[in-house]
Each structure stands twice: as C-alpha cells, then as structure tokens.
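K.L.:
Would you mind keeping the following structure in view while I ask a few things?
None of the figures in this text is laboratory data; all of them are computed from the coordinates on show. Worth saying up front: this structure is predicted, and the values here are computed from it rather than measured. Ideal geometry is used to build each Cβ from the backbone, glycine not excepted, and the neighbour counts take in all protein chains shown.
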Amino acid sequence: MAGFMEAALEEAQAAGARGEVPIGAVVVCDEVIVARAGNRTLEMKDPTAHAEILVIRQACTSLGNERLTDCDLYVTLEPCPMCAAAISYARIRRLYYGAEDPKGGAVEHGVRFFGDPSCHHAPDVYSGLAAGQASQMLRDFFAARR
C-alpha cells in the first residue's frame, strides 16, 4: 500500500513542478499500477482534468472496460464531488487518500457523496495515508504563490 501512495505522491510532485495543484493518483489492479496521473487542469485548459478523472480514464482505456470493479484508487487528496462521482460510476473497489480537504472534499467532508442515497456505488474508503507528506506538498505549493 505504501508503495502505491508513494507513486501517487510522485505524480503530485510532477504536477506541482508543471505549475498545477500538486495532486496525484494511481489505479492499482492485481497489485500492479495500471494508470498514473497528476492534475493537468491548466495544461489542458480543462476544469475536469483532475488527477482522479485522468487516471480513471487511463485505467479504463488500458483495461478495456468502463468498470474498474477489481481496482483500487490511491490519491493524495480527498476527492471533490466531481471526482467522487467518477469513482462511484467507475465502480472503484477501494479508495485510499492522503490529506483531508475540509473545504472541497466530498468523502468525509462536504457533501459526503458516498453516503448519499443517490450514490450508486460506494468504495471502501481508507484515509490518512501519507497525509503529512501530501498536506505539506500542498501547503508549500500555495505558500510559494502568495
């Protein structure tokens, strides 16, 4: 598990180096990383180009299926409502995330998407993995822009 979150942190670091908000994600199936991505909203001029959306798209293409029922997602920050919905629709088996996002998160904060009756599928959720590293990366990124 720790190695998979390390890979997500590497993607976050690469996103930050590109000037993007440093959030990274990986999709894992059968203990193998099948997709990796970091935020690319600025580069792609696309507000939906969050790490989670991009990595889900890559994994679906790689595996040839719109459902990722046997896959786990590792992401450095608590997913927003848009990403939580994508995770649900992709039928991700387990979600592991690092830092909490009290303002924009939608898993354990905000709308708590997976607990809503309109949610079709809720993954098993594990939070706090490498939370310190993920939080520090975000703090450093935003401090440098102030």
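K.L.:
Among Gly128, Gly110, Gly64, which one moves the most in a GNM of the chain with springs linking Cα atoms closer than 10 Å?
P.N.:
Among Gly128, Gly110, Gly64, the largest mean-square fluctuation in the Gaussian network model of the chain belongs to Gly64.
K.L.:
Of the options Val28, Pro79, Pro47, report the single residue whose Cα projects farthest towards the positive end of the charge dipole of the range 22-84 (beta-carbon charges: Lys, Arg +1; Asp, Glu -1).
P.N.:
Pro47
K.L.:
Please work out, to two decimal places, the log10 of the ratio I(q)/I(0) at q = 0.16, 0.17, 0.18, 0.21 Å⁻¹ from a Debye calculation in which every Cα of the range 11-146 carries one identical scatterer.
P.N.:
-0.75, -0.85, -0.96, -1.30
K.L.:
Nearest 20 debye, what's the magnitude of the dipole of the range 18-69 about its Cα centre given +1 on Lys and Arg Cβ and -1 on Asp and Glu Cβ?
P.N.:
The calculated dipole for the range 18-69 is roughly 160 debye.
K.L.:
Using helices alone, I'd like the mean residue ellipticity at 222 nm for the chain: each DSSP H run of four-plus residues gives -39500 (n - 2.57), total over residue count, nearest 500.
P.N.:
Calculated at 222 nm, the ellipticity per residue is -11500 deg cm²/dmol.
K.L.:
Which of the GluC sites (Glu not before Pro) across the range 1-51 are loop residues per DSSP, with 14 or fewer other Cβ within 10 Å?
P.N.:
When the GluC sites (Glu not before Pro) of the range 1-51 are filtered for loop state and at most 14 Cβ neighbours within 10 Å, Glu31 remain.
K.L.:
Another one. Can you give the charge dipole size of the range 25-134 about its Cα centre, rounded to the nearest 20 debye, using +1 on the beta carbon of Lys and Arg and -1 on the beta carbon of Asp and Glu?
P.N.:
Around 220 debye, computed over the range 25-134.
K.L.:
Using only the C-alpha atoms of the range 41-85, find the volume of their convex hull and express it per residue in Å³.
P.N.:
Cα convex hull per residue, to the nearest whole number: 88 Å³.
K.L.:
Please state the relative contact order of the chain as a whole percent: Cα pairs under 8 Å, 6+ residues apart?
P.N.:
20
K.L.:
Counting pairwise Cα distances across the range 1-67, what percent come out greater than 20 angstrom?
P.N.:
25
K.L.:
Also, quick follow-up: Based on the Cα atoms of the range 90-130, what semi-axes does the equivalent ellipsoid have, where each is the square root of 5 times one gyration tensor eigenvalue, given in whole Å with the largest first?
P.N.:
With the √(5λ) rule applied to the range 90-130, the semi-axes are 17, 14, 6 Å.
K.L.:
Okay, next question. Loop-only check: which trypsin sites (Lys or Arg not before Pro) in the range 1-94 are DSSP coil with at most 11 other Cβ within 10 angstrom?
P.N.:
When the trypsin sites (Lys or Arg not before Pro) of the range 1-94 are filtered for loop state and at most 11 Cβ neighbours within 10 Å, Lys45 remain.
K.L.:
Dipole of the chain (Lys/Arg Cβ +1, Asp/Glu Cβ -1, origin at the Cα centre): which of Leu63, Val107, Phe141 lies farthest to the positive side?
P.N.:
Phe141
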